[in-house]
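These notes concern the structure reproduced below.
The values are calculated or read from the model by the stated rules, or taken from the named source; none is laboratory data. Remember, predicted model here, so these are calculated numbers, not experimental data. Neighbour counts run over all protein chains shown; Cβ positions are idealised from the backbone, glycine included.
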Amino acid sequence: MKILTLASTLLLAGSAVAAPNTAKRFAGHAKRAANSRTQGKPINRVSSGPEAESSNNTFVEYSSNWAGAVLIGSGYKSVTGTFTVPTPSTTGSGAAWVGIDGDTCGTAILQTGIDWTKSGSSVTYDAWYEWYPDYSYDFSGITLAAGNTIKVTVTASSLTGGTATVTNVSTGKTVTHTFSNEGSLGSLCETNAEWIVEDYESGSSLVPFADFGSVTFTSCSALEGTTTVGTTGATIIDIKQNNQVLTDCSVPSSSSVQCTYV
């Protein structure tokens, strides 16, 4: 109980600035105990390669936790996208985010986004940032509501540092977290850029995945070295659990990614 009390204090104190790793660990365990979003994971593929998808005549790969689009290359320094906060219609949770690494790179992920949880008639939202394999941490000072327009951006300043920024375009509020000297956790490879809807973990299990309706990332771009690229050529990922496909994702244009719950 004393540890959880200390953890809560550290979480509040460290929400707007980078905290020492010890404080991050306490904060992470507090979140875990509260059964909120605790940790994203690298993609967990459940197929050996691309498979034909009859619904949109394209090829997809299947994962138990990620849906969306992933670029595979080298030197990715920044990823950005804009989407509308969804309204989940069934009990459960989910998250939408942009990130660097987590597919072909298994050592770290720099990511930021929002999550949602529907319990009964109540729906709650949080904006968060994460340097995997550490836990995720909620931003303070920003509110979210269904229908809000959200812009999310991650930028790597090095293999062990960078920034995560969430802007609620509808309210005009922006929050940013700066990471530095994260090498003790894991270093980026800068080989992946992604736009993802996730069924994340709480404890060691995936949370019940809510029907989120549809999430469309627009104004998508990534900085690959010194070149700005879009989503053309990205690998499309859909979530499959217990042999059931739960999402239908596509890349409608060179600057968008769309995922629908099915």
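Summary table
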quantity: Region 239-254, residues that are crowded, with 22+ Cβ neighbours inside 10 Å, assigned to a strand (DSSP E or B) and not polar (S, T, N, Q); calculated: 239, 249
quantity: Any hit, region 186-204, residues being over 30 Å from residue 262 (Cβ atoms), in a loop (DSSP other than H, G, I, E, B) and either in contact with a helix residue (DSSP H, G or I) (Cβ under 8 Å, 6 or more places away or on another chain) or acidic (Asp, Glu) (or both); calculated: yes
quantity: Residue ranges of strands (runs of 3 or more DSSP E) in region 88-142 with at least 2 members of a type in the set (Phe, Trp, Tyr) and modelled with pLDDT of 95 or more; calculated: 122-132
quantity: Any hit, region 123-140, residues being free of Cβ contacts under 8 Å to residues at least 24 places away in the same chain and touching a strand residue (DSSP E or B) at 6+ places or on another chain (Cβ under 8 Å); calculated: yes
quantity: Residues of region 92-135 satisfying the condition of being aliphatic (A, V, I, L, M) and either closer than 16 Å to residue 199 by Cα or within 12 Å of the chain's Cα centre (by Cα) (or both); calculated: 95, 96, 98, 100, 109, 110, 114, 127
quantity: Test result for residue 260, in contact (Cβ under 8 Å) with a residue 40 or more places away in the chain and of a type in the set (S, T, N, Q); calculated: yes
quantity: Filtered residues of region 141-157 (kept if within 24 Å of residue 190 (Cα to Cα), in contact (Cβ under 8 Å) with a residue 24 or more places away in the chain and either surrounded by fewer than 17 Cβ atoms within 10 Å (Cβ to Cβ) or in contact with an Asp or Glu (Cβ under 7 Å, 6 or more places away or on another chain) (or both)); calculated: 156
quantity: Single unsatisfied condition, residue 211 versus (1) surrounded by fewer than 16 Cβ atoms within 10 Å (Cβ to Cβ); (2) touching a residue at least 40 places away in the same chain (Cβ under 8 Å); (3) in a loop (DSSP other than H, G, I, E, B); calculated: (1)
quantity: Residue match in region 216-238 (condition: assigned to a loop (DSSP other than H, G, I, E, B), under 26 Å from residue 92 (Cβ atoms) and of a type in the set (Phe, Trp, Tyr)); calculated: no
quantity: Count of residues meeting criterion [under 16 Å from residue 217 (Cβ atoms) and of a type outside the set (A, V, I, L, M, F, W, C)] in region 103-122; calculated: 4
quantity: Verdict on residue 167 being surrounded by fewer than 19 Cβ atoms within 10 Å (Cβ to Cβ), in a strand (DSSP E or B) and not basic (Lys, Arg); calculated: no
quantity: Pairs, first closer than 11 Å to residue 99 by Cβ and modelled with pLDDT of 95 or more in region 180-202, second aromatic (Phe, Trp, Tyr) and not in a loop (DSSP other than H, G, I, E, B), C-beta under 6 Å, six or more apart; calculated: 193/76; 195/217; 196/66; 196/97; 198/66
quantity: Residue within region 171-179 that is under 14 Å from residue 82 (Cα atoms) and surrounded by 21 or more Cβ atoms within 10 Å (Cβ to Cβ) present; calculated: no
quantity: Tally of residues being crowded, with 20+ Cβ neighbours inside 10 Å and over 15 Å from the mean Cα position of the chain (by Cα) across region 78-91; calculated: 1
